[in-house]
1. Would you mention how many residues in segment 115-128 are in contact with a Lys or Arg (Cβ under 9 Å, 6 or more places away or on another chain), assigned to a loop (DSSP other than H, G, I, E, B) and closer than 22 Å to N85 by Cα?
2. Answer with yes or no whether P47 is in a loop (DSSP other than H, G, I, E, B) and in contact (Cβ under 8 Å) with a residue 24 or more places away in the chain.
3. Residues that are within 19 Å of V146 (Cα to Cα) and in contact with a strand residue (DSSP E or B) (Cβ under 8 Å, 6 or more places away or on another chain), at least 1 per element: which strands (runs of 3 or more DSSP E) completely within segment 157-257 meet that?
4. Pull up segment 129-154, narrow it to residues that are under 20 Å from A223 (Cα atoms) and assigned to a loop (DSSP other than H, G, I, E, B), then point me to the one that is nearest to the chain's Cα centre (by Cα).
5. Within segment 177-193, which residues are of a type in the set (D, E) and surrounded by 15 or more Cβ atoms within 10 Å (Cβ to Cβ)?
6. Need the failing condition index for P37 against (1) closer than 26 Å to S253 by Cα; (2) at pLDDT 95 or above, just the number.
7. Could you say which residue among R248, R196 is under 16 Å from K159 (Cα atoms), surrounded by fewer than 21 Cβ atoms within 10 Å (Cβ to Cβ) and either at pLDDT 95 or above or touching a Ser or Thr at 6+ places or on another chain (Cβ under 7 Å) (or both)?
8. Please count how many residues of segment 184-204 are within 16 Å of D260 (Cα to Cα) and more than 17 Å from the chain's Cα centre (by Cα).
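The values are calculated or read from the model by the stated rules, or taken from the named source; none is laboratory data. Here the structure is a predicted model, which means the values were calculated and not measured. Here the Cβ positions follow ideal geometry from the backbone for every residue, glycine too, while neighbour counts run over all protein chains shown.
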Amino acid sequence: MSLKHSPHIFVTVGRAVTSAAVLVAVMSCQFDQRSVPTGAGGSHEPPGYVRIADHSFAALPGAGPPGVCTGTGQLAGCWFVFDPNGNISVTSAADAPKSPSQVLQFHFPINLPPGTGPGLLQGWDGPGESTNTEYRSIYEASWVRVPTPDFEMQQVGVKFLGYVGVGLNGRNRVANQIYFLSDNPDGVTHAVSSARVSVIIQDVGDRRMNQNVDTNRVFTFGAWHRMEYLMTLNDTLNNAAVPNGSLRVWWDSVLTTSYDDIVWRTPANPSGFWGRHWAPVWGGAGGPNRSREDFLQIDHIYISGIQ
């Protein structure tokens, strides 16, 4: 059963990028002028990193692509949602930990097939879907929860936290070369109450990086969590990739994942990190359609980086 997905065959989140999306004019960015709290990213943001994109979800981002560079709740960057089936909304959550009380909510409906998702949220510092600004290192802090005590896990897993782009900027592709997978070790579609989170490279490489510091099932459902990650590119030298890229993931301020030997890019696919493509795909392939509805909520996303 494959965990990989071509961006051209997703039913709801991956689609061929149209020429209109590629040939998008750079839009002037006007942001929500509310002040950003000190330490907006979280406790592990390196000094000197510049804010790329930041959203409080006081309102739903505009429809796209391309990204919309102004709107309520947009503190930085250009954002869009792709939601052909009406599964993305803003809802109230008085206990939202970062920017109450509005949160973004993905709805996983009954009968959703394996390998598809409820829709797409994308954000970066420019409006493009397949071409955008590249960064050498990126940091993100996001506040997320499954609001119920359990969630129907697809037999392979769920990409709750979506994707990040690397290597293929400007190649008429979406930013999905890195993805976060919460796998299902039972191999059977059923409800679970917690999950681990792995980081997987596809298309520009083929590597899976499991939690290797804290190996517990840190994504417990029914509670808010702060997820942070820091990704830094590897070098290329003499037409070869140097395996010196790095990854750190923290869950509720606890380090869960640490690697320093990663090939994020190659001479053939050389671009830096270039997009945040939050498409929480249900699967993996195989097994039955969903038998119940579930939800995923995001309170706030903050992304920064250096070039």
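1. 1
2. no
3. Ranges flagged: 163-167, 178-183, 190-192, 198-201, 225-232, 245-251.
4. Ranking the qualifying residues of segment 129-154, first place goes to V146.
5. Once the filter is applied, which keeps residues that are of a type in the set (D, E) and surrounded by 15 or more Cβ atoms within 10 Å (Cβ to Cβ), segment 177-193 yields only D183.
6. (2)
7. Selected residue: R196, the only one of R248, R196 that is under 16 Å from K159 (Cα atoms), surrounded by fewer than 21 Cβ atoms within 10 Å (Cβ to Cβ) and either at pLDDT 95 or above or touching a Ser or Thr at 6+ places or on another chain (Cβ under 7 Å) (or both).
8. Looking only at that region, the number is 0.
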